[in-house]
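Chemist: Just passing along the structure, written as structure tokens.
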Amino acid sequence: MTISEAELPVARVSSVHAEAPRCNVSDFIFEQAKQRPDQAAVIEHATGRRVTYAELAKRIENITFGLTQLGICNGARTVFAIKPGIEFVETVFALFRAGAVPVVVDPGMGVDNMLKCIEEAQPTALVGIPMAHLLSKLKSHAFRSVKQRVTIGRRWLWGGASLDELRARNVSGAQAAPTTADTTAAILFTSGATGVPKGVVFRHGVFVGQTEMIRDAYDIQPGEVDVPCFALFALFSVAMGVTIVLPDIDFSNPGKASPAKVVDAINAHHATMSFGSPAVWKRVGPYLEQTGVTLPTIKRILIAGAPVPYTTLAMFKGRLAPDGDLHTPYGATESLPFSTISASEILGETRLDTANGAGTCVGKPLSGVNAKVIRFVDGPIASLDDAEELPAGEVGEIIVNSPVTTQEYFNRPENNKLAKIRSAGAPACTGHGRPARARISRARCPR
């Protein structure tokens, strides 16, 4: 299924009541720290640095307190520009815990688009490496709303605090922000591949839903080891109680990742899983074929972000654990994951259909995902009652409602009208999304 536009759901949600239960995705880390304090949470393969769950929780607590003291809390939109590593993990969870809202922009969209996204978000804080702070001074128009700064590394003339200063505090029982499932947790900008980049609003309930849905869909167990080749997915793994081993690659340029370094990190730490874009596995597959190296401990490889050629999937056959397989979860920034299919199914069932022009099968909707195919309408659909559901086999638009479907774009009411459909009766404070729309140019509908 080739999607030309993927815009998923929105609802006008009533204000949060005082009795709404607490929900914060950082709570996963503190629960894991209680259950497995001495297990490694994050390992940097290149440097050998590591941090246990107990140490990670303590660092998050200290940083959270420091961020709150600086006013980077309770809805403060914060540009987040940190390279993958221990600091990346501890800082993003501290921002969540403080109730701040990380604003994440993909540098791959180009500097001009990146600066436009930052200016649109109107952040009040910047937490990042020295290069990010230097850029904020050189391109001050995009960062003019920034008042607070935290530097990861050496601080120069831009002032503010350093992460080392925040982390060094020995805080006990620091108060976490009173967030609920409906509280905004982050703003992630789309890549712009299908149009102007848009800031997707993620709530804590959606992040919690994603963690649980991915865990359950692939039977991921605490104590496993993950070598993520996509930095944001690493956050889900560590929340599940999975040790993440960060390989020595440029995460911003997966197409140039060294396959030898990815394989070395996997085999050195007996990893059971790995996640990355097809660009990574298109390099790893031929490397395995050429060298004869295998990945005997890998139970699952998750590949997402672009279509995956079946020739790439075939390269891994017989090179994983006996019960190992590759999986291609499918979705969009606005609703991920939506469906999944395994390499075994593709190679054994759908490959020939795809080769004969039937399109790319993306599998079945995951548990908890409610999906329908409706007749295409070139314009807003005001209500679900106005959507005409199509019979199986016909091409149209997909609408999705699930615990991981986001509800709105940041400050984009017109895009919300075009991309979202309102429906009555959905829960107001669970973080669950309303039905969404995705414009499809060619499709083989999920089975």
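The values are calculated or read from the model by the stated rules, or taken from the named source; none is laboratory data. Remember, predicted model here, so these are calculated numbers, not experimental data. We place every Cβ from the backbone using ideal geometry, glycine too, and count neighbours over all the protein chains shown.
Chemist: Condition (residue is among the acidic types (Asp, Glu) and out of contact with any strand residue (DSSP E or B) (no Cβ under 8 Å at 6 or more places or on another chain)) applied to region 311-328: is it met by at least one residue? Break it down into steps so the answer makes sense when it comes.
Modeler: Within region 311-328, the first condition is being among the acidic types (Asp, Glu), and the residues that meet it are 323, 325.
Now narrow it down to the ones that are out of contact with any strand residue (DSSP E or B) (no Cβ under 8 Å at 6 or more places or on another chain): 323.
So far as region 311-328 goes, yes, one or more of its residues are among the acidic types (Asp, Glu) and out of contact with any strand residue (DSSP E or B) (no Cβ under 8 Å at 6 or more places or on another chain).
Chemist: Restricting attention to strands (runs of 3 or more DSSP E) lying wholly within region 28-131, give those where 3 or more residues are more than 21 Å from the chain's Cα centre (by Cα) and either buried (at least 18 other Cβ atoms within 10 Å of the Cβ) or at pLDDT 95 or above (or both).
Modeler: Values: elements: 40-44, 50-52, 77-81, 101-104, 125-128.
Passing ranges, in order: 50-52.
Chemist: Ok, one more. With the requirement that a residue be touching a Phe, Trp or Tyr at 6+ places or on another chain (Cβ under 9 Å) and small (Gly, Ala, Ser), what does region 208-247 give you?
Modeler: Answer for region 208-247, where residues must be touching a Phe, Trp or Tyr at 6+ places or on another chain (Cβ under 9 Å) and small (Gly, Ala, Ser): ALA231, ALA234, SER237, ALA239, GLY241.
Chemist: SER423 versus (1) within 30 Å of CYS117 (Cβ to Cβ); (2) touching a helix residue (DSSP H, G or I) at 6+ places or on another chain (Cβ under 7 Å); (3) buried (at least 20 other Cβ atoms within 10 Å of the Cβ): which is the lone unmet condition?
Modeler: Status for SER423: all satisfied but (3).
Chemist: For region 263-276, what are the residues that are farther than 11 Å from VAL293 by Cβ and among the hydrophobic types (A, V, I, L, M, F, W, C)? Spell out how you get there, then give the answer.
Modeler: Initial filter on region 263-276 (farther than 11 Å from VAL293 by Cβ): 265, 268-276.
Matches in region 263-276: ALA265, ALA268, ALA271, MET273, PHE275.
Chemist: Looking at (1) in a loop (DSSP other than H, G, I, E, B); (2) modelled with pLDDT under 95; (3) under 23 Å from the mean Cα position of the chain (by Cα), which is the one condition that is false for GLU5?
Modeler: The one condition GLU5 does not meet is (1).
Chemist: Let me ask something additional. Would you mind stating whether ASN401 is at pLDDT 90 or above, polar (S, T, N, Q) and surrounded by fewer than 16 Cβ atoms within 10 Å (Cβ to Cβ)? Walk me through how you get there before you give the answer.
Modeler: Values: at pLDDT 90 or above: yes; polar (S, T, N, Q): yes; surrounded by fewer than 16 Cβ atoms within 10 Å (Cβ to Cβ): no.
Here the answer is no, as ASN401 does not meet what is asked.
Chemist: It is to be established whether one or more residues within region 317-324 are of a type in the set (A, V, I, L, M, F, W, C), in contact with a helix residue (DSSP H, G or I) (Cβ under 9 Å, 6 or more places away or on another chain) and touching a residue at least 24 places away in the same chain (Cβ under 8 Å).
Modeler: Looking only at region 317-324, we keep the residues that are of a type in the set (A, V, I, L, M, F, W, C), and these are 320-321.
Applying the additional criterion that residues be in contact with a helix residue (DSSP H, G or I) (Cβ under 9 Å, 6 or more places away or on another chain) yields none.
Checked region 317-324: no residue is of a type in the set (A, V, I, L, M, F, W, C), in contact with a helix residue (DSSP H, G or I) (Cβ under 9 Å, 6 or more places away or on another chain) and touching a residue at least 24 places away in the same chain (Cβ under 8 Å).
Chemist: Do we find a residue being at positive phi and surrounded by 15 or more Cβ atoms within 10 Å (Cβ to Cβ) anywhere in region 219-239? So that I can check it myself, show each step before the final result.
Modeler: Step one: of region 219-239, the residues at positive phi are 219, 223.
Remaining after also requiring surrounded by 15 or more Cβ atoms within 10 Å (Cβ to Cβ): none.
No; the residues of region 219-239 include none that is at positive phi and surrounded by 15 or more Cβ atoms within 10 Å (Cβ to Cβ).
Chemist: Something else now. Filter region 259-273 down to the residues that are touching a Phe, Trp or Tyr at 6+ places or on another chain (Cβ under 9 Å) and surrounded by 16 or more Cβ atoms within 10 Å (Cβ to Cβ) and list them by number. Lay out the reasoning, then the answer.
Modeler: Step one: of region 259-273, the residues touching a Phe, Trp or Tyr at 6+ places or on another chain (Cβ under 9 Å) are 259-260, 262-263, 273.
Of everything in region 259-273, those that are touching a Phe, Trp or Tyr at 6+ places or on another chain (Cβ under 9 Å) and surrounded by 16 or more Cβ atoms within 10 Å (Cβ to Cβ) turn out to be PRO259, VAL262, VAL263, MET273.
Chemist: At least 2 residues that are touching a residue at least 60 places away in the same chain (Cβ under 8 Å), within 13 Å of the chain's Cα centre (by Cα) and closer than 22 Å to VAL101 by Cβ in each: list the helices (runs of 4 or more DSSP H) lying fully within region 140-241 that qualify.
Modeler: On the way: elements: 163-167, 204-217, 231-239.
Helices (runs of 4 or more DSSP H) meeting the threshold: 204-217, 231-239.
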